[in-house]
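Structure record follows, encoded as structure tokens.
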Amino acid sequence: MVDHSFADLELAALYDTLNPWGPGDDFYLGLVMSADSVLDVGCGTGRLLRQARYTGHGGRLAGLDPAAAMLVQGRRAEPSVEWILGDLRTRLWDGAGFDLVVMTGHAFQVLLADEEVRTALAAVRRALTPTGRFVFETRNPGARAWERWTPDRVYDVTDADGRAIRVWHEVEGAPAGERVTFTETYDGSPWPEPRVCRATLRFLGPESLAGFLTDAGLRITEQYGDWSRGPLTSTSPEIITVAQPA
């Protein structure tokens, strides 16, 4: 099921403002610019692919997302990119021949069940060329990022019409194993009352990730703990993984 904050046109339009371009985007942009054909899984508003085209990428750029409201943002800004509504379960990727497949913005964490992870990774494997790379990141459970998702951390943003909006997060109870459920609340003049979206993310550790990748026929070639390519430690904020067909 698509998270409401991604399915709603008004909320989707706020995504890039709430998630400004940062070191992670620079990391992925360098990879995209060095690949002839790229599939961005869970591309959201398509900001990465739009920037790649603007920067001069002349090859195939394809963005896949199950939220139509997010893809609207991408199509409006850059129609030359191939925007695809769906997910890795709804498309046939055999022989797609992508040099690079990416999952950015912690999109990998929305895969909650083991079977969802296996299905997604198998589809990625089929979509890659024999020498292609799959690059994605997930929050390191050792860093316990969810402990900082509290109502006192409020984000103040302005929408396209200049209206002030406040956004905050709150975790619902203790983590259920690897899964954390939280709410994201939007409050401001566009709505008569706050809009509350609920979501669950899965925090897989390095060993579990390695097992899933191996089972899918992918081998880890590089792994980092931050966007500066620092080593992965038990408390690194990220688990940034580069994998290739085994």
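The values are calculated or read from the model by the stated rules, or taken from the named source; none is laboratory data. Worth saying up front: this structure is predicted, and the values here are computed from it rather than measured. All Cβ positions, even for glycine, are placed from backbone atoms using ideal geometry, and neighbour counts span all protein chains on display. Quick note on the areas: whole protein, heavy atoms, side chains included, nothing else; ligands and nucleic acids left out. Shrake-Rupley method; radii C 1.70, N 1.55, O 1.52, S 1.80 Å.
Scanning the range 170-178 turns up at least one residue that is more than 27 Å from Asp26 (Cβ to Cβ), in contact with a helix residue (DSSP H, G or I) (Cβ under 6 Å, 6 or more places away or on another chain), open to solvent by 20 Å² or more (accessible area, probe 1.4 Å) and not in a helix (DSSP H, G or I). The set of residues in the range 224-243 that are outside any loop (DSSP other than H, G, I, E, B) and either surrounded by fewer than 18 Cβ atoms within 10 Å (Cβ to Cβ) or in contact with a Cys (Cβ under 8 Å, 6 or more places away or on another chain) (or both) contains only Val242.
Every condition in (1) in contact (Cβ under 8 Å) with a residue 40 or more places away in the chain; (2) over 25 Å from Leu48 (Cβ atoms); (3) open to solvent by 70 Å² or more (accessible area, probe 1.4 Å) holds for Gly142 except the one numbered (3). Take the conditions assigned to a loop (DSSP other than H, G, I, E, B) and either open to solvent by 20 Å² or more (accessible area, probe 1.4 Å) or in contact (Cβ under 8 Å) with a residue 24 or more places away in the chain (or both) and apply them to Glu193. Does it pass? The answer is yes for Glu193.
Screening Tyr15 against (1) buried (at least 16 other Cβ atoms within 10 Å of the Cβ); (2) touching a Gly at 6+ places or on another chain (Cβ under 9 Å); (3) without any contact (Cβ under 8 Å) to a residue 40 or more places away in the chain leaves a single unmet condition, (3). Considering the range 173-184, and only residues there that are without any contact (Cβ under 8 Å) to a residue 24 or more places away in the chain and not aliphatic (A, V, I, L, M), the residue that is nearest to Ile239 (Cα to Cα) turns out to be Gly177. For the condition over 14 Å from Pro237 (Cβ atoms) and touching a residue at least 40 places away in the same chain (Cβ under 8 Å), Asp152 does not qualify.
Just to be sure before I move on: is Thr150 closer than 30 Å to Pro245 by Cβ, open to solvent by less than 50 Å² (accessible area, probe 1.4 Å) and not small (Gly, Ala, Ser) in the structure I sent? Taking the combined requirement at face value, the residue does not satisfy it. State whether one or more residues within the range 81-91 are touching a Pro at 6+ places or on another chain (Cβ under 8 Å) and open to solvent by less than 50 Å² (accessible area, probe 1.4 Å). Yes, that holds for at least one residue. Contact map, the range 94-107: first residue assigned to a loop (DSSP other than H, G, I, E, B), second residue open to solvent by 50 Å² or more (accessible area, probe 1.4 Å) and not basic (Lys, Arg), Cβ cut-off under 8 Å, separation 6 or more or different chains; pairs are Gly105/Asn19. Only residues that are more than 22 Å from His106 (Cα to Cα), open to solvent by 40 Å² or more (accessible area, probe 1.4 Å) and touching a strand residue (DSSP E or B) at 6+ places or on another chain (Cβ under 8 Å) were counted across the range 35-74, and they come to 3.
Residue-level check: of (1) within 19 Å of Asp16 (Cα to Cα); (2) in a strand (DSSP E or B), Thr181 misses just (1). When Gly44 is tested against the conditions (1) within 27 Å of Leu112 (Cα to Cα); (2) touching a Gly at 6+ places or on another chain (Cβ under 8 Å); (3) small (Gly, Ala, Ser); (4) at pLDDT 95 or above, the lone failure is (4). When we screen Leu209, Leu218 for residues that are within 17 Å of the chain's Cα centre (by Cα) and either open to solvent by less than 70 Å² (accessible area, probe 1.4 Å) or in contact (Cβ under 8 Å) with a residue 40 or more places away in the chain (or both), the only hit is Leu209.
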